Amino acid sequence: MKPNEFANRLNEVQELMAMEKYKEALVLLENLKELDMTSDFDYNLTHKLYQLDSNSRSLYNQQIILERLNSINKEKTMISVTEFNEMLKLRDNLLLEEPILRRELEILILRGIISIEFKGNMLKL
């Protein structure tokens, strides 16, 4: 693949992300990462690839976390981070280490998307 084609594919990823189609973006990114391993693209293209990969993964995680929070918000007022993480594993097949889950929750709070509070290892919903 030529560098300009690779750059066009990266632009496609950005468009998918803008439409909040993170899973599709991640599939395309995986294909591009395989190409990157067998090619010698410019550093800027490779850097953009892995930056988009990281951002897409984080936004995909946040999307799932938000959906799960909205579904349990009616049932409970508090849940432990561990219990919530287990719920994400079982119901959403989202496998995150607890520090990553905490970070994603903090980002959602900072973005003003959710208004939960951490009380030690508990989440006040």
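The values are calculated or read from the model by the stated rules, or taken from the named source; none is laboratory data. Model, not experiment: these values are computed from the prediction. With ideal geometry, Cβ positions are generated from the backbone for all residues, glycine too; neighbour counts draw on all protein chains shown. With ligands, DNA and RNA removed, areas are computed over all heavy atoms of the protein, side chains included. Shrake-Rupley method; radii C 1.70, N 1.55, O 1.52, S 1.80 Å.
Name the single residue, out of those in segment 106-123 being touching a residue at least 12 places away in the same chain (Cβ under 8 Å) and either among the aliphatic types (A, V, I, L, M) or in contact with a Cys (Cβ under 6 Å, 6 or more places away or on another chain) (or both), that is farthest from residue 23 (Cα to Cα). Here the answer is 122. Scanning segment 2-22 for residues that are out of contact with any helix residue (DSSP H, G or I) (no Cβ under 6 Å at 6 or more places or on another chain), closer than 29 Å to residue 92 by Cβ and of a type in the set (D, E, K, R) yields 12, 15, 20, 21.
When residue 58 is tested against (1) at pLDDT below 95; (2) within 17 Å of the chain's Cα centre (by Cα); (3) not charged (D, E, K, R), just one condition goes unmet, and that condition is (1).
Per the conditions (1) closer than 17 Å to residue 123 by Cβ; (2) open to solvent by 20 Å² or more (accessible area, probe 1.4 Å), the sole criterion not satisfied by residue 5 is (1). Taking segment 30-52 as the range and being open to solvent by 80 Å² or more (accessible area, probe 1.4 Å) and among the acidic types (Asp, Glu) as the test, the residues that pass are 34, 40, 42. The residue that is least open to solvent (accessible area, probe 1.4 Å), among those in segment 15-27 that are within 19 Å of residue 64 (Cα to Cα) and out of contact with any Phe, Trp or Tyr (no Cβ under 9 Å at 6 or more places or on another chain), is 17. Among the residues of segment 67-120, those identified as within 15 Å of the chain's Cα centre (by Cα) and of a type in the set (D, E, K, R) are 67, 68, 89, 92, 97, 98, 102, 103, 104, 106, 111.
Going by the structure shown, is residue 63 closer than 18 Å to residue 31 by Cβ and of a type outside the set (A, V, I, L, M)? In short, no.
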